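Some notes on the structure that comes next.
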Amino acid sequence: YTVTFDSNDGSDVSSQMVVKNKVATEPTAPTKGGYVFGGWCSDSALTTAYDFSTAVSADITLYAKWEQATYTINYYQGNGTSTAGNTQIGTSTCTYGSSCTLETYVNLGATFPESAGNYNSSNTANN
């Protein structure tokens, strides 16, 4: 029987030929920018996780489940060159592909030289 892997816009995964009543081998997880792989499902609605210890007795298609990646931004009080020895003063959690509101912290006496690159005085970042 053929086990087909639908990666739902992730990287390609090769199908497998499986002998009747044997099990498929779980493939290496596909990748998809901005997403975390959440496993293989036996239904396109992505509600039933597939158990790779289940014997295959017909052609099947398995569907990749994805969750948007989230990122944590940590804020440190210090000289701006390293987190070592500096006190963490806050965090923001952002979801890939969405606007993210960043915390505003004031460091009195701080200057931003042109060599520091682009600096946006608003507190919104876009992923």
message: So with the 1.4 Å probe, I'd like the accessible area per residue for segment 1-85, rounded to whole Å².
response: 64 Å²
task: Measure off 7 Å from each Cα along the Cα-to-Cβ vector at residue 58 and residue 25, then give the distance between these two points in nanometres to one decimal.
output: 2.6 nm
task: May I ask you to list the aspartates and glutamates whose Cα is less than 15 Å away from that of residue 20, ignoring any residue fewer than eight positions away on the same chain?
output: 59
task: Express in Å², to the nearest 10, the accessible area of residue 71 obtained by rolling a 1.4 Å probe over the protein heavy atoms while all chains stay in place.
output: 100 Å²
message: How large is the accessible surface of residue 75 in square angstrom, using a 1.4 angstrom probe and rounding to the nearest 10?
response: 40 Å²
message: Please enumerate, by chain and number, the aspartates and glutamates with C-alpha under 17 Å from the C-alpha of residue 32, excluding those fewer than 8 residues away in the same chain.
response: 6, 9, 12, 67
field: In Å, descending, principal axis extents of the Cα set of segment 1-72
entry: 45, 22, 17
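The values are calculated or read from the model by the stated rules, or taken from the named source; none is laboratory data. Because the structure is a prediction, the values reported are computed rather than measured. Every residue, glycine as well, gets a Cβ built from its backbone with ideal geometry; the counts of neighbours run over all protein chains shown. Ligands, DNA and RNA are stripped out before the accessible areas are found, and what is left, the full protein with its side chains, is counted by its heavy atoms. Shrake-Rupley method; radii C 1.70, N 1.55, O 1.52, S 1.80 Å.
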